[in-house]
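Asker: The structure that follows is given in the form of structure tokens.
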Amino acid sequence: MGLLQRIRSTASSWARSSRFRPRRILAALCLACACALIVWTLTPNRAGTAIVVATTDLAPGAELRSQDLGLADFPPELVPDKSFTSIAEVTGRHSSAGLSKGSPLTSSIVLDQQALPEGSDSLLMPIRLADDASAALLQPGQRIRLFSSLPDGGSEVVVEKVTIARLVDKPEGIAAESGQLVSVILSAEDAGRVAEFAGLPISFAILPN
């Protein structure tokens, strides 16, 4: 009888442990899933958006060549508005402002080549106008006369007539330069004349149509 009772006792214990074992396994699986969910939630999303950037320093008006451009991944929340995602889209166009290495290219920095008629000998040139308030009166297509204030007083006509091609959007932030940047259509001779006044404030007068 003693042996029989032992067998019955062992079988009863095995049955009870068998009933609890699936519950323990299920609890362990739930705990593992919860841990995995927490890790996934806390892990930052490292997937970025590839946009076009300058791979070298570029001067204002520089031609954008494929060897001077590259793609860089930016976090989605830091991608500038109207940025480019294809190097081919901007190759052959010109910058409206100086770019440092690593700077993203946006539509406000790349001049619109459609502003020049096909076969035209004219040039597109970026010019920074000194007076922001007055520049708010300008629109693409207007003709203006450019003046410069001289260091020893007085002013001088820089160019008799240029045509506004585009007003370049001003970047936000404390690092933004003062004055309104515009791209203008002018001759090669007038472009050389404007270059002589680099670093001096440029003002303008709107010409009648």
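The values are calculated or read from the model by the stated rules, or taken from the named source; none is laboratory data. These numbers come from a predicted model, not from an experiment. Note that we place each Cβ from the backbone using ideal geometry, even for glycine, and neighbour counts take in every protein chain shown. Accessible surface areas use protein heavy atoms only, side chains included; no ligands, DNA or RNA. Shrake-Rupley method; radii C 1.70, N 1.55, O 1.52, S 1.80 Å.
Asker: Over the stretch 53-95, give the accessible area per residue in Å² for a 1.4 Å probe, as an integer.
Answerer: 58
Asker: Highest first, please rank the peptides 149-155, 138-144 by the mean number of other Cβ atoms sitting within 10 Å of their residues.
Answerer: Ranked from most to least packed, the peptides come out as 138-144, 149-155.
Asker: Using a 1.4 Å probe, how large is the accessible area of residue 161, given in Å² and rounded to the nearest 10?
Answerer: For residue 161, solvent-accessible area is about 110 Å².
Asker: Which sequence of 93, 145 reflects their accessible areas, 1.4 Å probe, from the largest down?
Answerer: Descending accessible area places them as 145, 93.
Asker: Still on this structure: Using a 1.4 angstrom probe and counting only protein chains, how large is the accessible area of residue 128 in Å², to 10?
Answerer: Surface open to solvent at residue 128 totals about 80 Å².
Asker: Taking the Cα-to-Cβ direction at residue 206 and at residue 160 and moving 7 Å from each Cα, how far apart do the two end points lie in nm?
Answerer: Here the answer is 2.3 nm between the modelled labels.
Asker: Once the Cβ-Cβ distance between residue 195 and residue 55 is put in as r, and R0 is 30 Å, what FRET efficiency do you end up with, to the nearest 0.05?
Answerer: 0.70
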